[in-house]
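Colleague: My questions will all concern the structure given below.
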Amino acid sequence: ILNRLQITVKRGEVMDSLLEGTLSGIPGWDGDLGLKGQLGASGAFGLEVTTSTPIPLAGLHAKLQVDQGKLEKAADGAVSLLASGSVTLDDDVDTVGGAVFRFTNLGIDKNGDFIGDRDQTLFMDLPEPLVKEFGPVTLSVSKVGFGKQKRQNETERRWFMAFDGGASLGGDLPVSIGGDFEGLYVWQNLMDPNGLPDIDIKGLHVDLGIDG
């Protein structure tokens, strides 16, 4: 379905064209693909794609939701791909069935490298927290992420891993300590690749209990 077609002509030459529409009836999928394309006189073009419902990924036991996908070609011929959305694993996948991978501004350039001038993130929401005990300490993780962003008050982007979850201290101790953390970021050490990473935490809630 063609929703919009716009062509800009100047002095008998096509300077710019814009097309918006919807593609339906794709085999194996009952959703609609939203399309928006633009072509300039210099040869540069851009194509944006969105999905109305998740697309089944045959053989991967997962579904893909594209909130925004962009394919761009600059006037110099450089091509880049940028996408935001999520991948949800089917419920029949062992252990991590139902897990959701969320990605934001993941980009690939013409060389297959990550685009370095944008904030890029990939997060996975776990269907059930991963729990590990270390003596009296119990750790749980409900979300895992990684990406490349600017740390606060910095100009250079660096890689990070991030976690949401909780921790508790119990056992035979006379006190019990528990808490939840949100946005525990472990940052790449730019000064010393072999040194300790920098750590930030966006939110922390602590509960303290005393026996007796």
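Colleague: Set the Förster radius R0 to 25 Å, insert the Cβ-Cβ distance between ASN153 and GLU182 as r into 1/(1 + (r/R0)^6), and round the FRET efficiency to 0.05.
Modeller: On the way: r = 21 Å, r/R0 = 0.83.
Between ASN153 and GLU182 the formula returns 0.75.
Colleague: Simple spin-label model, 7 Å along Cα-to-Cβ: LEU81 to LEU208 in nm?
Modeller: With each label point 7 Å from Cα toward Cβ, the separation is 5.3 nm.
Colleague: If packing is taken as the average count of other Cβ atoms within 10 Å, what order do 160-166, 18-24, 69-75 fall into, highest mean first? Before the final figure, lay out the partial values.
Modeller: Values: 160-166: 19.1, 18-24: 14.0, 69-75: 15.6.
Per-residue Cβ counts within 10 Å, averaged per peptide and sorted highest first, yield 160-166, 69-75, 18-24.
Colleague: For region 11-60, which whole-number percentage of the solvent-accessible area (1.4 Å probe, protein heavy atoms only) is attributable to carbon and sulfur atoms?
Modeller: On the way: 1900 of 3130 Å².
Here carbon and sulfur together make up 61 percent of the probe-accessible area.
Colleague: Moving on to the next point. Going highest first, how would you order 52-64, 76-88 by mean Cβ packing within 10 Å? Working shown, then result.
Modeller: Values: 52-64: 14.3, 76-88: 16.0.
By packing density, highest mean first, the sequence is 76-88, 52-64.
Colleague: Sticking with this structure for a sec: Could you report region 20-96's accessible area per residue, 1.4 Å probe, as an integer in Å²?
Modeller: On the way: 4430 Å² over 77 residues.
Normalised by residue count, the accessible surface of region 20-96 is 58 Å².
Colleague: What nm value, rounded to one decimal, do you get for the distance between LEU196 and LEU19 when each label is placed 7 Å out toward the C-beta?
Modeller: Label at LEU196, label at LEU19, 5.8 nm between them.
Colleague: Any lysines with Cα under 18 Å of the LYS202 Cα? List them, leaving off those in the same chain fewer than 8 positions away.
Modeller: Excluding near neighbours in sequence, the set is LYS143, LYS148, LYS150.
Colleague: At a probe radius of 1.4 Å, what is the per-residue accessible area of VAL144, in Å² to the nearest 10?
Modeller: The value for VAL144 is about 40 Å².
The values are calculated or read from the model by the stated rules, or taken from the named source; none is laboratory data. It should be emphasised that the depicted structure is a prediction, and the values quoted were computed from it without experimental measurement. Methodologically, a virtual Cβ is constructed for each residue, glycine included, from the backbone with ideal geometry; neighbour enumeration extends over all protein chains shown. Only protein heavy atoms, including side chains, enter the accessible area calculation; ligands, DNA and RNA are left aside. Shrake-Rupley method; radii C 1.70, N 1.55, O 1.52, S 1.80 Å.
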